[in-house]
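Notes follow the structure.
The values are calculated or read from the model by the stated rules, or taken from the named source; none is laboratory data. Computed from a prediction, not measured in an experiment: that's the story for all the values here. Positions of Cβ are backbone-derived with ideal geometry, glycine not excepted, and every protein chain shown enters the neighbour counts. With ligands, DNA and RNA removed, areas are computed over all heavy atoms of the protein, side chains included. Shrake-Rupley method; radii C 1.70, N 1.55, O 1.52, S 1.80 Å.
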Amino acid sequence: MFNLIQSLQQALGLLLKFDPEIWQIVFLSLQVSFASSLIAVVLAVPLSLAITQNEFRGKRIVIGTVNSFIAVPAVVIGLVCYLLLSRSGPLGFWRLLYTPSAIIIAQTLLIIPLMTGLCISALQSLGHRVKETMITLGAGRWRLILGIMREVRFALAAAFITGFSRVLGETGMTMMVGGNIKGDTRVMTTAIALETIKGNFELGIALGLVLLIVAIGINIILQAVQGRAGR
Amino acid sequence: MKIVAQNIAKSFDGQAVLKDVSLTIDATGIYALVGPNGSGKTTLMRILALLEKSDGGTLKYKTRGSEGYDAVVYSPGIRKKMGLIHNPAVMLSGTVRYNLEYGLRVRGVSQSERRRRSDQALESLSLRGFGKREARTLSAGEIQRVALGRVLVLDPEVVFLDEPTANLDPLSAKLIEKTILELASRGKKVVLATHNIWQVERIANRVWFLNDGVISISGTAQDVLHKGDQAFWGKFLGRDNMYIGKIGKLENRKLFKVDRVSFEVVTELEGQVMASLNPTEIILSSQKLVSSARNVLEGVVTEAVSEGGLYKVTLDVGVALDVAITKASWDEMGLHKGSRVYAVFKASSVRIWKEENGE
């Protein structure tokens, strides 16, 4: 019979004993999520700059499209990535399915629209006159872009953190493309799902606690950053 | 730098803001661009400062040391020799010093030189100790001073200022005017868009009056404001009771004389001066009042217009004198065109200043 108190004690024991399996899973989760967030932000910032800093026909449609992509369910992205990366898929020769790289690719695709959307709103909120002020003070194209990014740096950081926390908590998609292979592609969320199904609650609870702490920690940082961005 | 603009035109959404504007900025000094709201002053300055493209016409710039005029648009090289201050001025996120040094940083100026010039700017704009303050937390007057300092450190040849003293505290406004005068005395060309006719009188050398997309009046400040149609300027710029006259002495008292009228004033100035009198500081009386007010002028009501809750009554006291009274006073006194009344005001209510300088 499941005993909550007992399971909790055992979970804490696992954490405090620095059980290598647990910490390997935690470390991989953070590593993969950080990598995908980093790639996504590196792509989202120039993309959002290109969209906001240029005038072109259909600009509103492009921004609308980016925003609607935020709503694409993770599991659909997982499916697409699976089909692309599977042996018989067009990118099958990369042999990436069920590797951490596959998780990173899927997670990156998942959050690029989210991060781009957040970056676009941050850049749009920057008054036109701030940009003009930099121009009148002699900023050339690159200086101007650097200056604009500096102006919205807290909002960009908030976009990064939001994306990071989104992928850190992602389960289904990660399971589909990562395969939840022990010691290889098993991350916190997929491990919790598996251990819970197996009735192995103490490991699930232990990982759940870590995930909770990380998620709350990220949220606190996010709120602090957003507070600065809003100033 | 010399700027020649010819037949500049600009429309927004099919609405012509500038129709056909030609002007030359060659001599050192202060140029005032005046005109009603929406007359295109800001747009014209933005076009001249290469922030906005005109739809038609040509713009030519001749920079110091260059041979002929360059007909260019959007050349960063030329833009770097000009400065523009928006209204309201915008601060970049960061400290006052960061703002002051931004343009220098962009130009690759060394840190020690940046520091020297920003220190100088802090000093000359009464901002000593402000270097580490977050620029966006400053007051409007302080922000305007930082914005001016940010341009000054770059030593531009032409400076464009959009309503530089609008909504500022008197101290900041005075400091900014002083700085503008200093800039002109150092051989810079300053172009300011302004509503403030007092400011134009105090500091501008040349005036362009922009109306309905064209420059309808231009000339030296003296010609346009003093020899031109004063009633027009007065009405247009909401200026009442402005006179040019001479200060005379009668025993220990100072008298301001304009045409055949004279009234007592308080001033240290001598010779030709300008005087103004706020219409709300004048009392109308149907009998000759005995009071502490030094001036009692007899006149005839020539016009009365209802403006808001007030009546603006124009008297002929030898010169035209506008007086603002409430409708109730107008009714109770039973005034009408042709009524004989006395205008009573204190000597200290008359503001006196020299034409070429500050008050």
Pulled fully out, how much extra length does the chain show between B:THR28 and B:ARG115, if you take 0.36 nm times their separation in residues and subtract their Cα-Cα distance? 28.5 nm
I'd like the orientation of helix B:140-152 relative to chain B: the angle between its Cα long axis and the longest Cα principal axis, in ° from 0 to 90, rounded to 10. 50 degrees
Just the number, please: percent antiparallel of the DSSP beta bridges in the protein assembly as shown, rounded to the nearest 5. 75 percent
Per the helix-only calculation at 222 nm, which mean residue ellipticity applies to chain A, given -39500 (n - 2.57) for every DSSP H run of n ≥ 4 and division by its residues, nearest 500 deg cm²/dmol? -25500 deg cm²/dmol
Want the number for B:ARG340 to B:THR302: 0.36 nm per residue separation, take away the alpha-carbon distance, what's left? 12.7 nm
For the range A:169-189 and the range A:20-34, distance of Cα centres in Å: 11 Å
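Evaluate the charge dipole of the protein assembly as shown about its Cα centre and quote only its size in Debye, nearest 20, assuming +1 on the Cβ of each Lys and Arg and -1 on the Cβ of each Asp and Glu.
1280 debye
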Output field shielding_mean for A:122-132 (other chain Cβ, 10 Å radius) holds 2
Would you rank A:LEU83, A:LEU14 by solvent-accessible area, highest first, keeping every protein chain in place and using a 1.4 Å probe? A:LEU83, A:LEU14
Taking only protein heavy atoms and a 1.4 Å probe, the highest-to-lowest accessible-area order of A:GLU195, B:GLU332, B:GLU182, B:GLU142 is B:GLU332, B:GLU182, B:GLU142, A:GLU195
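Starting from the residue with the highest accessible area, list A:LEU146, A:LEU85 in decreasing order, probe 1.4 Å.
Highest to lowest solvent-accessible surface, that is A:LEU146, A:LEU85.
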Label-point separation (nm) for A:ALA224 and B:ASN252, each offset 7 Å from Cα along Cα-to-Cβ? 7.1 nm
Using each residue's phi in the range B:289-299, evaluate 6.51 cos²θ - 1.76 cosθ + 1.60 at θ = phi - 60° and report the 3J(HN,Hα) Karplus result to the nearest Hz, with x for Gly and Pro. 7, 9, 8, 6, 5, 7, 10, 10, 10, 8, x
Suppose each label sits 7 Å from its Cα in the direction of the beta carbon; what would the B:THR326-A:ASN67 distance come out to in nanometres? 5.3 nm
Helix B:111-124: angle to the longest alpha-carbon principal axis of chain B, degrees 0 to 90, nearest 10? 0 degrees
What does DSSP give for chain B in terms of the percent of beta bridges that are antiparallel, rounded to the nearest 5? 75 percent
State the volume of the convex hull built on the alpha-carbon positions of chain B, expressed per residue in Å³ and rounded to an integer. 174 Å³
Accessible-area loss of at least 40 Å² (1.4 Å probe, chain alone to full protein assembly) applies in the range A:133-166 to A:THR133, A:ILE135, A:THR136, A:LEU137, A:GLY138, A:ARG143, A:ARG150, A:GLU151
For A:ARG153 the rounded accessible area (nearest 10 Å², probe 1.4 Å, non-protein molecules ignored) is 80 Å²
Output the 0 to 90 degree angle, nearest 10, between the alpha-carbon long axis of helix B:170-185 and the longest principal axis computed from the alpha carbons of chain B. 60 degrees
Accessible area per residue, Å², the range A:2-229 with all protein chains present, probe 1.4 Å: 50 Å²
How are the C-alpha pair distances of the range A:2-229 spread across 5 Å bins, as whole percents from the shortest bin up? 1, 7, 12, 15, 15, 14, 11, 9, 6, 4, 2, 1, 0, 0
Helix by helix through chain A, keep the DSSP H runs that span 24 Å or more along the axis on Cα and average at least -1.0 on Kyte-Doolittle, and give those back in order. A:20-52, A:100-125, A:201-229
Return the average number of partner chain Cβ atoms within 10 angstrom of each residue Cβ along peptide B:83-94. 4
Not counting ligands, DNA or RNA, and with a 1.4 Å probe, what is B:SER339's accessible surface area in Å² rounded to the nearest 10? 10 Å²
Result for interface chain A to chain B, accessible surface buried in total, 1.4 Å probe, Å² to 100, stands at 1800 Å²
For the protein assembly as shown, using Cα atoms only, the Rg and Dmax in Å read 35.0, 113
Quick one: how many Å² of B:LYS60 are accessible to a 1.4 Å probe, rounded to 10? 80 Å²
Given the options A:VAL32, A:VAL72, A:VAL130, state which has the largest fluctuation in a GNM of chain A using a 10 Å cut-off (strictly under) for Cα springs. A:VAL130
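Using a Förster radius of 22 Å, what is the FRET efficiency between A:SER125 and A:ARG150 based on their Cβ-Cβ separation? Nearest 0.05, please.
After rounding, the FRET efficiency stands at 0.90.
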